[in-house]
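> Here's a structure for you.
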Amino acid sequence: DAKTTQPTSMDCAEGRAANLPCNHSTISGNEYVYWYRQIHSQGPQYIIHGLKNNETNEMASLIITEDRKSSTLILPHATLRDTAVYYCIVRVANTGNQFYFGTGTSLTVIP
Amino acid sequence: GAGVSQSPSNKVTEKGKDVELRCDPISGHTALYWYRQSLGQGLEFLIYFQGNSAPDKSGLPSDRFSAERTGGSVSTLTIQRTQQEDSAVYLCASSFSGETGYTFGSGTRLTVV
């Protein structure tokens, strides 16, 4: 699976949009972009995934560039409970391939 | 159950003892993964089960580690002759075959003293 690059840490003011970037310049045509987050002392939580179209669900939006070499996870109105480590992962869907969790981005939402 | 259940939530063991960690996946989920996470580190893949296929054991760090999945449901991860470097949170995840996101349990925190 392709590797991803994320900033180590980010801050965001409570109530503002949090935009978390991810570079995946070597992504293959059949690899999806997945986002998970891990709140302290809990297991990772699935957020969203996409192939090439932008996606939105009740938790977040995923914007994927046209060349698919990068993406941005958007939390539209960050709350204190969104403070977590956010992992961007690329993986071929519908296979047994494991998820490779890198070091992620540590997002701190500030009151 | 509604989620992935892991037991025990915490385990303290003496160096050299064997431990068994249990994972109850979401009913109907055919795929099951074990990961571990050392303090302040990312997640490390250990093993993957998919239906009746042979498990992918490529992530097991040594032959002291083994896992089984009985009846396609409950899984146990066994660590023999535990060492201090085995101390970590052991996480289990399950999903329907090859689909979207995986649901993780809350993990078992293993401390080897």
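For every residue, the table says whether it meets (1) over 14 Å from residue A:32 (Cβ atoms); (2) touching a strand residue (DSSP E or B) at 6+ places or on another chain (Cβ under 6 Å); (3) more than 11 Å from chain B (Cβ to nearest Cβ); (4) surrounded by 15 or more Cβ atoms within 10 Å (Cβ to Cβ).
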| site | (1), (2), (3), (4) |
| --- | --- |
| A:67 | yes, no, yes, no |
| A:71 | no, yes, yes, yes |
| A:78 | yes, yes, yes, yes |
| A:101 | yes, yes, no, yes |
| A:107 | yes, yes, yes, yes |
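> Any chance you could count how many residues in the stretch A:31-65 are part of a loop (DSSP other than H, G, I, E, B), more than 9 Å from every other protein chain (Cβ to nearest Cβ) and closer than 30 Å to residue B:88 by Cβ? Full working, then the answer.
First pass over the stretch A:31-65, keeping only residues part of a loop (DSSP other than H, G, I, E, B): A:39-44, A:51-54, A:57-60, A:65.
The next check asks that each one be more than 9 Å from every other protein chain (Cβ to nearest Cβ); those that pass are A:39-40, A:51-54, A:57-60, A:65.
Filter again for closer than 30 Å to residue B:88 by Cβ, leaving A:39-40, A:59-60.
Looking only at that region, the number is 4.
> What pairs come out if I take residues in the stretch B:44-59 that are without any contact (Cβ under 8 Å) to a residue 40 or more places away in the chain and pair them with residues that are in a loop (DSSP other than H, G, I, E, B) and surrounded by fewer than 16 Cβ atoms within 10 Å (Cβ to Cβ) whose C-beta lies under 7 Å away, six or more apart or interchain?
B:47/B:57
> Which ones in the stretch B:15-60 are of a type in the set (Val, Ile, Thr) and modelled with pLDDT of 90 or more? Outline the logic, then answer.
Step one: filter the stretch B:15-60 for residues of a type in the set (Val, Ile, Thr), giving B:19, B:26, B:30, B:47.
Answer for the stretch B:15-60, where residues must be of a type in the set (Val, Ile, Thr) and modelled with pLDDT of 90 or more: B:19, B:26, B:47.
> So, in the stretch B:46-94, of the ones that are over 18 Å from residue B:19 (Cα atoms) and more than 14 Å from chain A (Cβ to nearest Cβ), which residue ends up nearest to the chain's Cα centre (by Cα)?
At the first step, the residues of the stretch B:46-94 found to be over 18 Å from residue B:19 (Cα atoms) are B:48-59, B:71-73, B:93-94.
With more than 14 Å from chain A (Cβ to nearest Cβ) added as a condition, the list becomes B:71-73.
Working: B:71: 16, B:72: 15, B:73: 13 Å.
The extreme case among them is B:73.
> Checking the condition surrounded by fewer than 16 Cβ atoms within 10 Å (Cβ to Cβ) and among the charged types (D, E, K, R), which residue from B:17, B:11 passes? Outline the logic, then answer.
Values: B:11 fails: surrounded by fewer than 16 Cβ atoms within 10 Å (Cβ to Cβ).
Criteria check complete, one pass: B:17.
> Looking at the structure I just gave you, is residue A:11 free of Cβ contacts under 8 Å to residues at least 24 places away in the same chain, away from every other protein chain (no Cβ under 13 Å) and surrounded by fewer than 19 Cβ atoms within 10 Å (Cβ to Cβ)?
no
> Now a separate question. Please determine, by comparing only the residues of the stretch A:80-99 that are in contact with a strand residue (DSSP E or B) (Cβ under 7 Å, 6 or more places away or on another chain) and assigned to a loop (DSSP other than H, G, I, E, B), which one is farthest from the other protein chains (Cβ to nearest Cβ). Before the answer, list the steps.
Initial filter on the stretch A:80-99 (in contact with a strand residue (DSSP E or B) (Cβ under 7 Å, 6 or more places away or on another chain)): A:80, A:82-93, A:96-99.
In the following step, the residues that additionally are assigned to a loop (DSSP other than H, G, I, E, B) were identified as A:83, A:93, A:96-99.
Working: A:83: 16, A:93: 7, A:96: 5, A:97: 9, A:98: 4, A:99: 7 Å.
Looking at residues that are in contact with a strand residue (DSSP E or B) (Cβ under 7 Å, 6 or more places away or on another chain) and assigned to a loop (DSSP other than H, G, I, E, B), I get A:83.
> Across the stretch B:60-98, which residue is surrounded by the fewest Cβ atoms within 10 Å (Cβ to Cβ) among those that are more than 22 Å from residue B:8 (Cβ to Cβ) and free of Cβ contacts under 8 Å to residues at least 40 places away in the same chain? Step through it out loud before you land on a result.
If we filter the stretch B:60-98 for residues that are more than 22 Å from residue B:8 (Cβ to Cβ), which is where we start, we get B:62-63, B:72, B:95-98.
Those left that are additionally free of Cβ contacts under 8 Å to residues at least 40 places away in the same chain: B:62-63.
Details: B:62: 11, B:63: 7.
By that ranking, first place goes to B:63.
The values are calculated or read from the model by the stated rules, or taken from the named source; none is laboratory data. Keep in mind that this is a model prediction, so the values were computed, not measured. Cβ sites come from the backbone with ideal geometry, for glycine too, and all protein chains shown count toward neighbours.
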